[in-house]
1. Starting from the range 30-47, keep only residues that are more than 18 Å from Lys91 (Cβ to Cβ), then list their pairs with residues that are part of a loop (DSSP other than H, G, I, E, B) and among the polar types (S, T, N, Q) whose Cβ atoms are within a distance under 6 Å, requiring at least 6 positions of separation or different chains.
2. Filter the range 118-134 down to residues that are surrounded by 15 or more Cβ atoms within 10 Å (Cβ to Cβ) and at pLDDT below 85 and give me whichever is nearest to Gly9 (Cα to Cα).
3. Going through the range 40-58 one residue at a time, which ones are within 21 Å of Leu113 (Cα to Cα) and of a type in the set (Ser, Thr, Tyr)?
4. What is the one condition in (1) part of a helix (DSSP H, G or I); (2) out of contact with any Asp or Glu (no Cβ under 7 Å at 6 or more places or on another chain); (3) of a type in the set (Ser, Thr, Tyr) that Thr16 does not satisfy?
5. For the structure I just gave you, tell me whether Glu102 is surrounded by fewer than 21 Cβ atoms within 10 Å (Cβ to Cβ) and modelled with pLDDT under 80.
6. Scan the range 19-47 for residues that are in a helix (DSSP H, G or I) and within 16 Å of ligand 1 (Cβ to nearest atom) and report the count.
7. Only residues that are part of a loop (DSSP other than H, G, I, E, B) and either open to solvent by 60 Å² or more (accessible area, probe 1.4 Å) or within 20 Å of Thr16 (Cβ to Cβ) (or both): list them for the range 187-203, please.
8. Would you please list the contacts, defined by Cβ atoms under 7 Å and residues six or more apart or on different chains, that run from a residue in the range 201-223 that is at negative phi to a residue that is open to solvent by 80 Å² or more (accessible area, probe 1.4 Å) and more than 7 Å from ligand 1 (Cβ to nearest atom)?
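The values are calculated or read from the model by the stated rules, or taken from the named source; none is laboratory data. Because the structure is a prediction, the values reported are computed rather than measured. Glycine also receives a Cβ, built like all others from the backbone with ideal geometry; neighbour counts cover every protein chain displayed. Heads up: the accessible areas ignore ligands, DNA and RNA and are worked out on the full protein's heavy atoms, side chains in. Shrake-Rupley method; radii C 1.70, N 1.55, O 1.52, S 1.80 Å.
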Amino acid sequence: MPFSIALAGKGGTGKTTLAGMLIKYLGMKGKTPVLAVDSDCNSNLNEVLGVEVTDTLGSAREEMKKGVVPGGMTKDIFMSMKLEQAVVETKNFDLLVMGQPEGQGCYCAANTLLTGFLERLTGNYPYMVMDNEAGMEHISRLTTSNVDVLLVVADTSRRGLQAAFRIDKLAKDLNIGVGKSFIVINQCKEKPSEFVLDLIDKSGMELIGTIPEDDTIYEFDLKGLPTIEIPDENKAFAAAVNIFDKIVK
Ligand SMILES: Nc1ncnc2c1ncn2[C@@H]1O[C@H](COP(=O)(O)OP(=O)(O)OP(=O)(O)O)[C@@H](O)[C@H]1O
Ligand SMILES: [Mg+2]
């Protein structure tokens, strides 16, 4: 099983940006290959990573459900081909986009194939990074039952912090196999106030680090440039490296 790190948190806190930085970090440290998993229905991790995506597991699942197989191909071969097409390969990482969730009807057969595929696939990677959609609903649907480290991204707003505490609690209540969970404060304009630190302390969560607000990150995003290509010495990336050094074994 890979060492897996999942990102969670309220919308817009920087989960996808941090997932990109983590994948950049793992590449720099030679901790490759990395399996990057985009579990957000409105997936955009590929933009942060600078790769094109055409197929998703969701679309493969839909085709499997329909059961239409092109002539001359066995069903099994066709399905493995579809699933494999949902994995984009690059030098240091491969990206798997989960895509849309199930619609109505029975997906049992498709899901059995999918589970088998995911098990075989994840076995090929020493590291796995999972970007999730906002909120907490998704955590309960995490396809991967084992998460070694859950990084809950927050801002310093009350709602951002409370969302982080709820996600942490949910992860524990659901018993989804989270090894350790930490809170990260991103887009910090200044050092978190005593008040904020106190709130975190009372929640029982551990603050693993803070990442400053940074114009380059913002500009890269605005111009559609991949965050993964920000300079190594960028100050937000350097702060993220400090955090990753503490959690990646
Ligand atoms: N440290 C930072 N400094 C400046 N801008 C940042 C920083 N971190 C993230 N951003 C910007 O904040 C915006 C939201 O970031 P991102 O998409 O990573 O958040 P998210 O939590 O994945 O959002 P969603 O919930 O929509 O998936 C983006 O424009 C991103 O470039
Ligand atoms: Mg995101």
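1. Taking only residues 6 or more apart or on different chains, the pairs are Ser39/Asn132; Cys41/Gln100.
2. Going through the range 118-134, the residues surrounded by 15 or more Cβ atoms within 10 Å (Cβ to Cβ) turn out to be 118, 121-122, 125, 127-134.
This time we only want the ones that are at pLDDT below 85, so: 118, 133-134.
Working: Leu118: 24, Glu133: 8, Ala134: 6 Å.
Within the range 118-134, the match that is nearest to Gly9 (Cα to Cα) is Ala134.
3. Passing the criteria: Thr54, Thr56.
4. Among (1) part of a helix (DSSP H, G or I); (2) out of contact with any Asp or Glu (no Cβ under 7 Å at 6 or more places or on another chain); (3) of a type in the set (Ser, Thr, Tyr), Thr16 violates only (2).
5. Answer is yes for this residue.
6. Step one: list which residues in the range 19-47 are in a helix (DSSP H, G or I), which gives 19-28, 45-47.
Within this subset, residues satisfying the condition of being within 16 Å of ligand 1 (Cβ to nearest atom) are 19-25, 45-47.
So the answer is 10.
7. Of the range 187-203, the ones part of a loop (DSSP other than H, G, I, E, B) are 189-193.
Lys189, Glu190, Lys191 - these are the residues of the range 187-203 that are part of a loop (DSSP other than H, G, I, E, B) and either open to solvent by 60 Å² or more (accessible area, probe 1.4 Å) or within 20 Å of Thr16 (Cβ to Cβ) (or both).
8. As it stands, the answer is Ile208/Lys246; Pro212/Lys235; Glu213/Lys189; Asp214/Lys235, since those pairs meet every condition given.
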